[in-house]
Every structure is written in C-alpha cells, then in structure tokens.
Amino acid sequence: MNSVSPSAVQYVGGVGVVCQDDTLQREETKRSQQPQVVDPGGGSSFGNQQGTDVGGGGTREATTAGEPDEVDKLKTKLMSAWNNVKYGWSVKSKTTFNKSSPVTVMGHSYLLNSEGEVERFRRAFVSRLWLTYRREFPQLEGSTLTTDCGWGCMLRSGQMLLAQGLLLHLLPRDWSWPDAQQFADVDFEALRPRSPSRAGGVPIPSFGYSSSSRTPTTPQKTSMPGGTALNHTQKKRPESDRQAEPLHRRVVAWFGDEPPAPFGVHQLVELGKSSGKKAGDWYGPSVVAHILRKAVAKTSEVHNLAVYVAQDCTVYKKDVVHLCDQSLNQSISDPEPSGPGWKSVIILVPVRLGGDSLNPSYIECVRNILRLECCIGIIGGKPKHSLFFIGCQDEQLLYLDPHYCQAVVDVTQDNFPLESFHCSSPRKMPFSRMDPSCTIGFYAKNKKDFESLCSAVCVALSSPDEKYPIFTFMEGQAQDYGLVGHSSSHPHSDTSPIPGPAHMLPQGKLSRSNNIGSSDDFVFLVVSSPVM
C-alpha cells in the first residue's frame, strides 16, 4: 500500500493519522469526553485531541480558561501513537518506479535508466515543499484546537500548491535544495509493457534501498538510487542554490504554524470564515482556492504576485489581464510584458472530473496537464483524503501526502530545521482512485508566459476521447457572459449555487450533481461515454 507515512527513521517522533479514519477517532473522543459547554464560536474539540469532528460540532470542552490541560496533551500523544500502529503508518512500504518509462515531476520528465537521471529526479522531488499536519501549535481562534490532524489535509495540500508557485516566483526555475535527503523506501525496476492480464507490468531486474538498512536489496552493479549509494556520484550544486537558501527558508517560514504567518493554518482558517468554514471543518478544493487567493491579496510579504480563481470551469482572459496589468489602473503607457507593470499570476481552476468517481476519459488530459512546466500541481486526492499531485508515471499519479502528524517547528528561530518540510519518500496511486473534485494550479511569470500558458493548456486539454474539455479559456470578462463580477474578487462559497456556464456547452448538455460526497458544489459535464 502506497499511502503509508515516511519512514519513522526519517522523522523521529512523527505520528500519522488518516482522514478516512475520522469516524473511529470521533467514537474514541465520545468515549473519553468530559462534560462540555456550548462554544459560541463553534468548532468541536477534545482539548488538544487529534482526529476532531470534521463537521465542527459546535462544542468546547470545559477546561480551565479554555486551555488544553496536561491530560489532554497526554491523550493526544497516546491516540496518535495508537493510530500510528493500528493504521499501519509505522509499516515501511516501498514505492516502485519503472526504469523503462519517464516519470514526470512539475513538468519535467526523467527516464530512470541512468544514475544521473535518478539523481535529478531525487532532487526534483525532495526539493518540493512538504506541508503536513502539525501538533502543539498555538490555539486556533474560536476553538481549543492545537492541531489540524484529522481535518486540515486540504488546507495543507493547498499550502503545498501555493508554496510551489512561490518557489517559481522567487527562485530560479532549476533551483533545488542543496541539502536534499536521499530517497527512502524506493525501488527502481524495468517493467515489460503493460497487458490486460498483467496490468501492473512484469518486473525484470530490481534494485532499491530501504530506509532502515541503506544497503542495496540486490548485489547488482546497477544499484544506484537511494541510501548512500549515490553519494559518490552527486555533483556539486551550483553556488546559486546555496545563495538562494535565505529565500527558501523565508518561503517555509511564511507557512509556519503560528498566527502571524501569512500562509499558515491560523491565517487560512481565519480567511475561511467568510466561506462559512471554521477550525475542525473539512475544506473542499474550491473553498481552499479562494482562501489562497485572499491570503496572497492580504499579505504584504509577497510582491508582484496575484491569484486568479477560475469561475464555472472557465478562465476569462480579460479578467486575468485586468488583474495583472497594473498599467490599466494607472495613467501611464503600457509597460513591457516582463516589466514591473505586469504582475505574475497563479491561476487556480476548480473542476469536477466526473460524478461520484473519476471519468476515465479525463485521465489523459490530467496526465498532459501535469507534464506542462506551467502547472504547479493539483490539489485533490482520494475521497475524504486530500493529496497534492505533482506528477505521474504510466497509469499512476505521484503525490505528496499531508497525512503525517509532526511536532510544530518554531520558524521564528534562526536556522530552524528544514528537514520536516521536505519528503524523501515518494508515493504513487492509480489514476482510477483519484477523487473527481480537485483544483488545478498554474503559474505565469509575465504576460508572454500567460499567453504561452493559454496555448499550451488548450492543447493539453484536447482529447479525442472527450468531446468537452475539463475547462476552457474565454476571451473577454465574466461579466460579458452575464456573470456577476469575476472570481478574482467575488468568490462563491462551496455551498452556494453556481450559475451554469451556458456559453460553454450547448443547451441540454449541462447537469449538476445533487448527490456528491464532498462539500463542493461543482458544475460537471455529462458525457456519453460511461463512467467505469
């Protein structure tokens, strides 16, 4: 099973809890709860209990001054440890990569049949920011929660998507973390072509390393990835990577788990209140997209960057131009596309790729999107189990999993440790298990990049198997099509009705799901091909 935590060796003291086990955790909470009083601020908690009711039951435990006591903290640690054992998070499970086909990470492809390519893949993966559940952070306003374990996975996935955009915005595109850890629990095999009878492929030779032994699983001379085996082949990184470390550290600090951090969970929960959300609620990918937009607009830490959220599966080009071209709000001549008058932009597109499950006709489009350099990832996952998708190989998605609970890190300290913000255990899952509700992210540094993005994404969305695209680009503004405002300033909540994009589909082709398992209301396309 691929959805296990990074090895216990890598993060001593870390504990893992999966969202899909919230029901059991709530039962444990009910058996252990003390008398409660109604919390006018909402948010259900059991002191510092991990695995809170994702519905936000609106109660608070009667503790002195509303603070979690030592007994609560002990219960939190015991329950976390129990979950770590009961749900297999301490089990070491290897992820296998095919040496015969390319693996894509953030638009770059690597054919893992040579030592150099494996090294480049390792650096590309480990350099992504990994933002997970944390415990023992300052209490969230309006609740006694001091952890987001059990309910904040979509917020964490959204943080990772925004972090990738910020890395592209502030650092060179080819930047990698100079201190990137070695891979843990990874195998590399040459697989024969897939066949209906052996869908997983047939392994030929295998080599790999486990995080515990750091020694090859076979004595073959081809053994090179993982552990210390690559140490003698690692090339000295450019000095520019070292010089970029202060910026790298600053970006990580922006996601710190403390109230002042502009993109920390405290700020995101606060911004989610306008969408009817509170600490302890489950957040859908559409709501998170708007929360990220508000967070970037609110902060003074990040300059020359805007976030646009698509409306009704449509990116209105003129709305993006109005958001990014600062000269339109000034009485000056039009600047150069890459000049200071044009803001860089992160484009977020909430979509639904089917009804209750992923429509397989969309898989090729999703794969094509992940291969684009302008794509900064997809927040989605499995039902009630959010993941951050950053690439793919063959019929599987490559992801970062936020469901690993770690102790909070004080990012206000000089030289705070960075290791827990980077993952060395890549994980994969089949496309078929992907939840249809997701948000796709893109980044364009300047006007020329935006124009190239529109062209490249339109090509990626073209599929002979699907008549209607996942989303579209339209000339003009949203208001030109009778929509109120545009999504960069007038977001809808995940529970509000969404006007149907009649301009996008012919009459009679539009339908709406009234029986969807997530909290997002999405317009989705009804197609003639069956959902398998």
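Some observations on this one:
- Residue in the stretch 160-190 that is most open to solvent (accessible area, probe 1.4 Å), counting only those that are polar (S, T, N, Q) and out of contact with any strand residue (DSSP E or B) (no Cβ under 9 Å at 6 or more places or on another chain): 181
- Leading residue by the ranking (surrounded by the fewest Cβ atoms within 10 Å (Cβ to Cβ)) among those in the stretch 306-360 that are modelled with pLDDT of 90 or more and in a loop (DSSP other than H, G, I, E, B): 357
Residues are listed down the side, and each one gets a yes or a no for (1) at pLDDT 95 or above; (2) open to solvent by 20 Å² or more (accessible area, probe 1.4 Å); (3) closer than 18 Å to residue 162 by Cβ:
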{"residue": "390", "(1), (2), (3)": "yes, no, yes"}
{"residue": "410", "(1), (2), (3)": "yes, yes, no"}
{"residue": "477", "(1), (2), (3)": "no, yes, no"}
{"residue": "488", "(1), (2), (3)": "no, no, yes"}
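- When 278, 273 are checked against the criterion of being surrounded by fewer than 24 Cβ atoms within 10 Å (Cβ to Cβ) and part of a helix (DSSP H, G or I), 273 stands alone in meeting it.
- The stretch 102-143 - residue that is in a strand (DSSP E or B) and in contact (Cβ under 8 Å) with a residue 40 or more places away in the chain and, of those, farthest from residue 183 (Cα to Cα): 135
- Filter result for residue 403 (surrounded by fewer than 22 Cβ atoms within 10 Å (Cβ to Cβ), closer than 28 Å to residue 120 by Cβ and either free of Cβ contacts under 8 Å to residues at least 12 places away in the same chain or under 18 Å from the mean Cα position of the chain (by Cα) (or both)): no
- Search result, residues across the stretch 282-295 that are open to solvent by 10 Å² or more (accessible area, probe 1.4 Å) and at pLDDT 95 or above: 293, 294
- Qualifying residue in the stretch 179-194 (condition: among the basic types (Lys, Arg) and either at pLDDT below 95 or over 30 Å from residue 283 (Cβ atoms) (or both)): yes
- Meets criteria (polar (S, T, N, Q), within 21 Å of residue 347 (Cα to Cα) and open to solvent by less than 10 Å² (accessible area, probe 1.4 Å)) for residue 300: no
So that you can scan it fast, the table gives a plain yes or no per residue for (1) among the polar types (S, T, N, Q); (2) more than 26 Å from residue 430 (Cβ to Cβ); (3) modelled with pLDDT under 90:
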site: 132; (1), (2), (3): yes, no, no
site: 135; (1), (2), (3): no, yes, no
site: 141; (1), (2), (3): no, yes, no
site: 146; (1), (2), (3): yes, yes, no
site: 150; (1), (2), (3): no, no, yes
site: 167; (1), (2), (3): no, yes, no
site: 172; (1), (2), (3): no, yes, no
site: 177; (1), (2), (3): no, yes, no
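- Top-ranked residue in the stretch 412-449 [being in contact with a His (Cβ under 9 Å, 6 or more places away or on another chain) and not hydrophobic (A, V, I, L, M, F, W, C); ranked as surrounded by the fewest Cβ atoms within 10 Å (Cβ to Cβ)]: 445
The values are calculated or read from the model by the stated rules, or taken from the named source; none is laboratory data. In this text the structure is predicted, and so the values were computed from the model without any measurement. Every residue, glycine among them, receives a Cβ derived from its backbone with ideal geometry; neighbour counts consider all protein chains shown. Heavy atoms of the whole protein, side chains included, go into the accessibility calculation; ligands, DNA and RNA do not. Shrake-Rupley method; radii C 1.70, N 1.55, O 1.52, S 1.80 Å.
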